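These notes concern the structure reproduced below.
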Amino acid sequence: MRLKDKVAIITGAASGIGRSSALLFAKEGAKIVVADYNEELGKETVSLIKKEKGEAIFVKTDVSNEKDIKNMIDQTIKSFKKIDILYNNAGIELGKNILDTTPEEWDNVISINLKGVFLGCKYAIPYIKKGGSIINTSSIAGIVGFANLAAYCASKGGIILLTKQMALDFAKKGIRVNCICPGGILTPMLERFIKNSPDPQATRKGMDSMHPLGRVGKPEEVAYAALFLASDESSFITGHSLIVDGGFTSQ
Ligand SMILES: NC(=O)c1ccc[n+]([C@@H]2O[C@H](COP(=O)([O-])OP(=O)(O)OC[C@H]3O[C@@H](n4cnc5c(N)ncnc54)[C@H](O)[C@@H]3O)[C@@H](O)[C@H]2O)c1
């Protein structure tokens, strides 16, 4: 019970890394706010948690929308009275270079991936007390460039520096801010990317072999990193980018 009696908001918890983290955090004793714009799958995450005797609520949230974020915080306080952990994990991917990216697509990626982190922190931090932990999901695409991922790389790079910046501003308040940089993780996002590629079989093989450990990661492998950053076990770690990439960025 590494998160006993803690309250955790997890955005993007309807699927992939977010869902896996929500299930793990609940197993470790946290009360979970599943915040996602996918109502059907978000409610399914809540059911999965409740099936294991955990506590969770679903709040329909578009993380790029200020009103939705304010509502997410209000609902959390109404149901659970406090916030200990904010895991800004919702994100989308756009496989385009800047020439093919429209200004609207650019704004959409930055609004969800980067502004979503800003809004989540802005409205949650006033409620987070000493000992609280914020985790943001960046990516290896925030550390090194990838061809045809212009807006995505920009948004994920921004998250790493915003994480360090906020770590400084809120250290005195006793709030830690860290991010996770996953490599390729087999979630619905990566499955869509593979399926939409010209040769899915070759793409899948290439995804496996680009990681020195010889395979893509599993959502649980990111969830365990998030659990460590969420728990008091990481109490002297702030401003850090925890890379979970099977060795990819060590090359
Ligand atoms: N899967 C990977 O290989 C990988 C690698 C590095 C980083 N990431 C990052 O991990 C995070 C989770 O991705 P995943 O792979 O689990 O993908 P996923 O598509 O399985 O899950 C993403 C979740 O975010 C939600 N979401 C998207 N836009 C939203 C919005 N505006 N408001 C609220 N919810 C929204 C989706 O409904 C979905 O439930 C993302 O930030 C992604 O960029 C993923």
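List the number of the failed condition for F236; all other conditions in (1) more than 25 Å from N97 (Cα to Cα); (2) of a type in the set (A, V, I, L, M, F, W, C); (3) surrounded by fewer than 16 Cβ atoms within 10 Å (Cβ to Cβ); (4) in contact (Cβ under 8 Å) with a residue 24 or more places away in the chain hold.
Checking F236 against (1) more than 25 Å from N97 (Cα to Cα); (2) of a type in the set (A, V, I, L, M, F, W, C); (3) surrounded by fewer than 16 Cβ atoms within 10 Å (Cβ to Cβ); (4) in contact (Cβ under 8 Å) with a residue 24 or more places away in the chain, the one that fails is (4).
If you scan region 218-229, which residues turn out to be within 12 Å of the ligand (Cβ to nearest atom) and open to solvent by less than 10 Å² (accessible area, probe 1.4 Å)?
Passing the criteria: V222, A223, A226.
Right, G91: in a loop (DSSP other than H, G, I, E, B), out of contact with any Cys (no Cβ under 7 Å at 6 or more places or on another chain) and within 11 Å of the ligand (Cβ to nearest atom) or not? Please lay out each step first, then the result.
Details: in a loop (DSSP other than H, G, I, E, B): yes; out of contact with any Cys (no Cβ under 7 Å at 6 or more places or on another chain): yes; within 11 Å of the ligand (Cβ to nearest atom): yes.
Spelling it out, G91 is indeed in a loop (DSSP other than H, G, I, E, B), out of contact with any Cys (no Cβ under 7 Å at 6 or more places or on another chain) and within 11 Å of the ligand (Cβ to nearest atom).
Determine whether I110 is in a helix (DSSP H, G or I) and hydrophobic (A, V, I, L, M, F, W, C).
yes
Return the pairs, sorted by first residue and then second, in which the second residue is in a strand (DSSP E or B) and of a type outside the set (A, V, I, L, M, F, W, C), the first residue lies in region 173-201 and is over 19 Å from G158 (Cα atoms) and within 15 Å of the ligand (Cβ to nearest atom), the beta carbons are less than 6 Å apart, and the residues are 6+ apart or on different chains.
If the second residue must be in a strand (DSSP E or B) and of a type outside the set (A, V, I, L, M, F, W, C), the pairs left are I185/G217.
Give the residue that is nearest to the ligand (Cβ to nearest atom), with candidates limited to residues of region 95-122 that are farther than 14 Å from L149 by Cα and open to solvent by less than 50 Å² (accessible area, probe 1.4 Å).
This residue is I112.
The values are calculated or read from the model by the stated rules, or taken from the named source; none is laboratory data. Remember, it's a predicted structure, so these values are computed and weren't measured experimentally. Here Cβ is always computed from backbone atoms with ideal geometry, including for glycine, and neighbour counts include all displayed protein chains. Side chains included, ligands, DNA and RNA excluded: accessible areas come from the protein's heavy atoms. Shrake-Rupley method; radii C 1.70, N 1.55, O 1.52, S 1.80 Å.
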